[in-house]
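Asker: Sending over a structure as structure tokens; questions will come in a sec.
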Amino acid sequence: MAMPLDDRSDLPDEDLLAAFAGGDAGAARVLTLRLTPRVMAHAYRLLGNRAEAEEVAQEAMMRLWRQAPDWRAGEAKVSSWLYRVTANLCIDRRRRARGGMLALDAVPEPPDPRPGPAERLQARARAEALQAALDGLPERQRQAVVLRHIEGLANPEIAGIMGASVEAVESLTTRGRRALAAALGLRKEELGYVDEG
């Protein structure tokens, strides 16, 4: 007997995946609602293109569902496995794209009804500047910076996702942050980051 949706929202990802593998479609709904937005956001940050990020998110979730019957609890966290699969799918797409770079004007900005037009334009300029700066980083630096500073993961988890040592992750994020600061620091005034005081 399947539990009501609300009763499963506190279950760990691994338990939900095991329940899905056992035929519980409701567990898949809970896990999909929990993980898809994170996968989509991660893919968008790595690709800079919402449509491609949606395709990657769908493919990553499909791979998770196919993996469910063979999942071995305790070997990896579901979210870590999913971040790694998403990153690999993004890397494959970037390699197939023209030199791995996407035009910034091809990146649609998600609509936000709350701010006014000026705030929306400024937010868009900031997002495009960040994405351009991220696109300028080497692949592994970009992945480490996105996982650490945008996704908020800890260095040991990032190391597991990237197949690197914690020290290598620290080095990648440090170099990536410096490069981002240099790229964005020159545009502070243009992006509305003027010191007050």
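Asker: In 5 Å bins starting at zero, report the fraction of Cα pairs in region 109-197 per bin as a rounded %.
Answerer: Each 5 Å bin holds this share of Cα pairs: 3, 14, 21, 17, 16, 14, 9, 5, 1, 0.
Asker: Further question on the same structure: State the extension gain, in nm to one decimal, for the chain segment bounded by Arg124 and Glu54, taking 0.36 nm per residue of separation less the distance between their alpha-carbons.
Answerer: 23.2 nm
Asker: Ok, one more. Could you sort 63-73, 152-162, 35-45 so that the peptide with the highest average Cβ count within 10 Å comes first and the rest follow in order? Write out the running numbers ahead of the final one.
Answerer: Values: 63-73: 13.6, 152-162: 17.8, 35-45: 19.9.
Ranking the peptides 63-73, 152-162, 35-45 by packing returns 35-45, 152-162, 63-73.
Asker: Another one. Expressed in nm to one decimal, what extension gain is obtained for the pair Arg178 and Asp15 from 0.36 nm per residue of sequence separation less their Cα-Cα distance?
Answerer: 54.7 nm
Any read-out appearing in this document is the output of simple, stated calculations on the displayed coordinates, not a laboratory observation. None of these values were measured; they are calculated from a predicted model. For neighbour counting, all protein chains shown are included, and Cβ atoms are generated from backbone atoms with ideal geometry for every residue, glycine included.
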